[in-house]
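Below: the structure, in structure tokens.
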Amino acid sequence: MQIKTPLEGARVRVRDYRKEDLSFCTGLWFDAENGRFMSDPPAGGADAAYQKALDGLEDNALGFYFVIELRATGERVGTCCAFPQDEEGAFDETHQCYDIGYCVAKGRWRQGYGEEAVRLLMAWAAARGAREMTAEAAKENAASCSMLEKLGFSVLREGSFKKYGTDLVFPSRVYAKMLGEAERAEGRETAE
């Protein structure tokens, strides 16, 4: 799915993924350090099924794939995604909840770009009628856990996820945030 109109923040723009973004995205996701706490496979670990999923990111019927870029220069600095789902994690056409993921290029860590992108996603989802947003982070990923907590997310439950194509399992926290009037108002401002 695509949103067509980018989400504009003070410093970043969140726009639809395009096929020409693939090498940038996989460069982040497959990198040993940058993609360490992601479920994506390590470099060289993409099998035919995973490659087929990559080839369909632009037209994915179950969710939205985005690129985060600097507004001033257009430089790509990260990726994010959003999947509408129900309480059991299945695709939900009513869009009451969005599960999100994000990744910022390691050369741009700790500069607030991930936080700004997630704020834009919260406002966008709230403007679409979402009531809740969820995100899963590896417990070891202190920076991601801290950012989510700073944004008002709280731990919904503990879990785990597996890195694709490996035996590596990460204990995780599933975070949730109820979206309220503040996010809806920000979403209306972003849309104007």
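The values are calculated or read from the model by the stated rules, or taken from the named source; none is laboratory data. For clarity, every value in this text was computed on a predicted model and none was experimentally measured. So basically every Cβ, Gly included, is an ideal-geometry build from the backbone, and we count neighbours across all protein chains shown.
Results, tabulated for the structure shown:
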{"quantity": "Any pair with Cβ under 7 angstrom, 6 or more apart, that starts in segment 163-180 at a residue that is at positive phi and touching a residue at least 60 places away in the same chain (Cβ under 8 Å) and ends at one that is part of a loop (DSSP other than H, G, I, E, B) and exposed (fewer than 12 other Cβ atoms within 10 Å of the Cβ)", "calculated": "165/47"}
{"quantity": "Any hit, segment 3-12, residues being of a type outside the set (Gly, Ala, Ser), crowded, with 16+ Cβ neighbours inside 10 Å and under 25 Å from residue 162 (Cα atoms)", "calculated": "no"}
{"quantity": "Exclusive hit being touching an Asp or Glu at 6+ places or on another chain (Cβ under 9 Å), surrounded by fewer than 17 Cβ atoms within 10 Å (Cβ to Cβ) and either at pLDDT 95 or above or of a type in the set (A, V, I, L, M) (or both), set 122, 133, 178, 147", "calculated": "178"}
{"quantity": "Residue within segment 54-71 that is touching a strand residue (DSSP E or B) at 6+ places or on another chain (Cβ under 8 Å) and among the basic types (Lys, Arg) present", "calculated": "yes"}
{"quantity": "Hey, residue 37 assigned to a loop (DSSP other than H, G, I, E, B), within 16 Å of the chain's Cα centre (by Cα) and surrounded by 12 or more Cβ atoms within 10 Å (Cβ to Cβ) or not", "calculated": "yes"}
{"quantity": "Close pairs from segment 8-23: first within 11 Å of residue 69 (Cβ to Cβ) and at pLDDT 95 or above, partner of a type in the set (Gly, Ala, Ser) and surrounded by 14 or more Cβ atoms within 10 Å (Cβ to Cβ), Cβ under 6 Å, at least 6 apart", "calculated": "12/117; 14/117"}
{"quantity": "Odd one out for residue 103, checked against (1) modelled with pLDDT of 95 or more; (2) more than 14 Å from residue 7 (Cα to Cα); (3) surrounded by fewer than 21 Cβ atoms within 10 Å (Cβ to Cβ); (4) touching a strand residue (DSSP E or B) at 6+ places or on another chain (Cβ under 9 Å)", "calculated": "(3)"}
{"quantity": "Residue count for segment 153-175, restricted to those that are of a type in the set (Gly, Ala, Ser), surrounded by fewer than 17 Cβ atoms within 10 Å (Cβ to Cβ) and at pLDDT 95 or above", "calculated": "3"}
